[in-house]
Amino acid sequence: QDIAAFMNSCYNPLPVRTLTPGHDPVQKVTLVPRGQARGLTWFIPSEDPTLISKQQLFARIVGGLGGRAAEEIIFGEPEVTTGAAGDLQQITSLAKQMVVTFGMSDIGPWSLMDGSAQSGDVIMRMMARNSMSEKLAEDIDSAIKRISDEAYEI
(Lines give C-alpha, C1' and ligand atoms only; values in the text may rest on other atoms or scores of the structure.)
Protein backbone atom coordinates (compact mmCIF):
# COMPACT_ATOMS: atom_id res chain seq x y z
CA GLN A 1 0.00 0.00 0.00
CA ASP A 2 2.94 2.35 0.62
CA ILE A 3 4.04 1.82 -2.96
CA ALA A 4 0.54 2.52 -4.31
CA ALA A 5 0.31 5.77 -2.36
CA PHE A 6 3.75 6.81 -3.46
CA MET A 7 2.93 6.07 -7.10
CA ASN A 8 0.21 8.72 -7.03
CA SER A 9 2.88 11.38 -6.63
CA CYS A 10 5.86 9.54 -8.09
CA TYR A 11 4.68 9.50 -11.68
CA ASN A 12 3.83 13.18 -11.65
CA PRO A 13 7.35 14.35 -10.76
CA LEU A 14 6.65 18.07 -11.00
CA PRO A 15 9.99 19.23 -9.58
CA VAL A 16 11.82 17.25 -12.26
CA ARG A 17 9.59 18.56 -15.01
CA THR A 18 9.33 22.18 -13.89
CA LEU A 19 13.05 22.56 -13.13
CA THR A 20 14.25 21.04 -16.41
CA PRO A 21 15.10 23.77 -18.93
CA GLY A 22 12.82 23.66 -21.96
CA HIS A 23 9.97 21.69 -20.37
CA ASP A 24 6.42 22.87 -21.07
CA PRO A 25 4.74 24.64 -18.13
CA VAL A 26 2.28 22.69 -15.99
CA GLN A 27 -1.40 23.40 -16.62
CA LYS A 28 -3.14 20.97 -14.27
CA VAL A 29 -2.34 18.08 -11.92
CA THR A 30 -4.65 15.44 -10.51
CA LEU A 31 -3.92 12.57 -8.16
CA VAL A 32 -7.36 11.11 -8.83
CA PRO A 33 -7.02 7.78 -10.65
CA ARG A 34 -8.25 7.85 -14.26
CA GLY A 35 -8.34 4.51 -16.04
CA GLN A 36 -5.04 2.75 -15.44
CA ALA A 37 -3.30 6.02 -14.54
CA ARG A 38 -3.03 6.75 -10.84
CA GLY A 39 -2.83 10.47 -11.55
CA LEU A 40 -2.16 12.78 -14.47
CA THR A 41 -0.35 15.99 -15.30
CA TRP A 42 -1.34 18.24 -18.20
CA PHE A 43 1.12 20.65 -19.74
CA ILE A 44 0.63 23.85 -21.73
CA PRO A 45 2.35 23.31 -25.08
CA SER A 46 4.78 25.87 -26.45
CA GLU A 47 3.55 28.67 -28.69
CA ASP A 48 4.06 26.62 -31.85
CA PRO A 49 3.53 22.92 -31.09
CA THR A 50 4.72 21.97 -34.59
CA LEU A 51 8.25 23.27 -33.92
CA ILE A 52 9.80 21.57 -30.90
CA SER A 53 13.44 22.12 -30.01
CA LYS A 54 15.94 19.44 -29.08
CA GLN A 55 16.00 20.90 -25.55
CA GLN A 56 12.21 20.59 -25.27
CA LEU A 57 12.24 16.98 -26.47
CA PHE A 58 15.06 16.12 -24.06
CA ALA A 59 13.16 17.79 -21.20
CA ARG A 60 10.14 15.59 -21.97
CA ILE A 61 12.35 12.52 -21.75
CA VAL A 62 13.82 13.71 -18.43
CA GLY A 63 10.29 14.24 -17.09
CA GLY A 64 9.14 10.85 -18.35
CA LEU A 65 11.95 9.12 -16.49
CA GLY A 66 11.30 10.99 -13.24
CA GLY A 67 8.83 8.44 -11.89
CA ARG A 68 11.16 5.48 -12.39
CA ALA A 69 14.05 7.43 -10.87
CA ALA A 70 11.92 8.37 -7.85
CA GLU A 71 10.94 4.73 -7.31
CA GLU A 72 14.56 3.64 -7.44
CA ILE A 73 15.68 6.36 -5.01
CA ILE A 74 12.86 5.78 -2.50
CA PHE A 75 12.45 1.99 -2.61
CA GLY A 76 15.75 0.81 -4.13
CA GLU A 77 16.42 -0.84 -7.47
CA PRO A 78 15.09 -4.29 -6.44
CA GLU A 79 11.68 -2.75 -5.60
CA VAL A 80 10.98 -0.78 -8.81
CA THR A 81 7.55 -1.60 -10.22
CA THR A 82 5.88 -1.88 -13.60
CA GLY A 83 4.36 1.57 -13.04
CA ALA A 84 6.76 3.22 -15.48
CA ALA A 85 5.91 0.97 -18.44
CA GLY A 86 3.88 3.58 -20.33
CA ASP A 87 6.42 6.32 -19.62
CA LEU A 88 9.28 4.10 -20.79
CA GLN A 89 7.48 3.33 -24.06
CA GLN A 90 6.88 7.02 -24.67
CA ILE A 91 10.40 8.17 -23.90
CA THR A 92 11.95 5.37 -25.97
CA SER A 93 9.74 6.34 -28.91
CA LEU A 94 10.63 10.01 -28.47
CA ALA A 95 14.37 9.29 -28.25
CA LYS A 96 14.11 7.13 -31.38
CA GLN A 97 12.34 9.96 -33.23
CA MET A 98 15.10 12.35 -32.15
CA VAL A 99 17.69 10.01 -33.67
CA VAL A 100 16.06 8.59 -36.82
CA THR A 101 13.55 11.27 -37.83
CA PHE A 102 14.78 14.63 -36.53
CA GLY A 103 18.56 14.10 -36.87
CA MET A 104 19.14 15.20 -33.27
CA SER A 105 21.99 12.86 -32.33
CA ASP A 106 25.71 12.46 -32.80
CA ILE A 107 25.02 10.19 -35.79
CA GLY A 108 24.32 13.27 -37.86
CA PRO A 109 21.73 15.81 -38.91
CA TRP A 110 19.76 13.67 -41.31
CA SER A 111 16.75 11.42 -41.30
CA LEU A 112 17.70 7.77 -41.02
CA MET A 113 14.21 6.37 -41.56
CA ASP A 114 13.39 5.08 -45.00
CA GLY A 115 9.97 6.33 -46.06
CA SER A 116 8.91 2.80 -47.00
CA ALA A 117 9.52 1.76 -43.37
CA GLN A 118 6.51 3.91 -42.49
CA SER A 119 4.38 2.11 -45.09
CA GLY A 120 1.35 0.08 -44.13
CA ASP A 121 2.67 -2.67 -46.39
CA VAL A 122 4.40 -5.34 -44.29
CA ILE A 123 6.72 -6.42 -47.12
CA MET A 124 7.86 -2.83 -47.76
CA ARG A 125 8.60 -2.37 -44.03
CA MET A 126 10.61 -5.61 -43.94
CA MET A 127 12.61 -4.61 -47.04
CA ALA A 128 13.34 -1.16 -45.56
CA ARG A 129 14.50 -2.73 -42.31
CA ASN A 130 16.78 -5.14 -44.16
CA SER A 131 18.30 -2.34 -46.25
CA MET A 132 19.87 -0.78 -43.15
CA SER A 133 23.37 -1.95 -42.27
CA GLU A 134 23.93 -3.71 -38.96
CA LYS A 135 26.44 -1.01 -38.02
CA LEU A 136 23.90 1.78 -38.60
CA ALA A 137 21.24 -0.12 -36.64
CA GLU A 138 23.72 -0.52 -33.75
CA ASP A 139 24.62 3.19 -33.95
CA ILE A 140 20.93 4.12 -33.80
CA ASP A 141 20.35 1.86 -30.79
CA SER A 142 23.42 3.31 -29.05
CA ALA A 143 22.30 6.90 -29.72
CA ILE A 144 18.82 6.16 -28.34
CA LYS A 145 20.34 4.58 -25.24
CA ARG A 146 22.73 7.51 -24.77
CA ILE A 147 19.84 10.02 -24.85
CA SER A 148 17.85 7.96 -22.33
CA ASP A 149 20.87 7.41 -20.06
CA GLU A 150 21.77 11.13 -20.08
CA ALA A 151 18.16 12.04 -19.24
CA TYR A 152 18.01 9.47 -16.43
CA GLU A 153 21.17 10.87 -14.84
CA ILE A 154 19.54 14.30 -14.49
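The values are calculated or read from the model by the stated rules, or taken from the named source; none is laboratory data. The model shown is predicted, which means the values in this text are computed figures rather than measured ones. No Cβ is skipped: glycine too gets one built from the backbone with ideal geometry, and neighbour counts run over all protein chains shown. Just so you know, the surface numbers come from the protein's heavy atoms only, side chains and all, with ligands and any DNA or RNA stripped out. Shrake-Rupley method; radii C 1.70, N 1.55, O 1.52, S 1.80 Å.
Brief remarks follow.
- Solvent accessible area, Å² - Ser133, 1.4 Å probe, full protein context: 60 Å²
- Net +/- balance of residues flanking Glu79 in space, Cβ distance below 9 Å, scoring K and R +1, D and E -1: -3
- Order of exposure, largest accessible area first, which applies to Met104, Met132 with probe 1.4 Å: Met132, Met104
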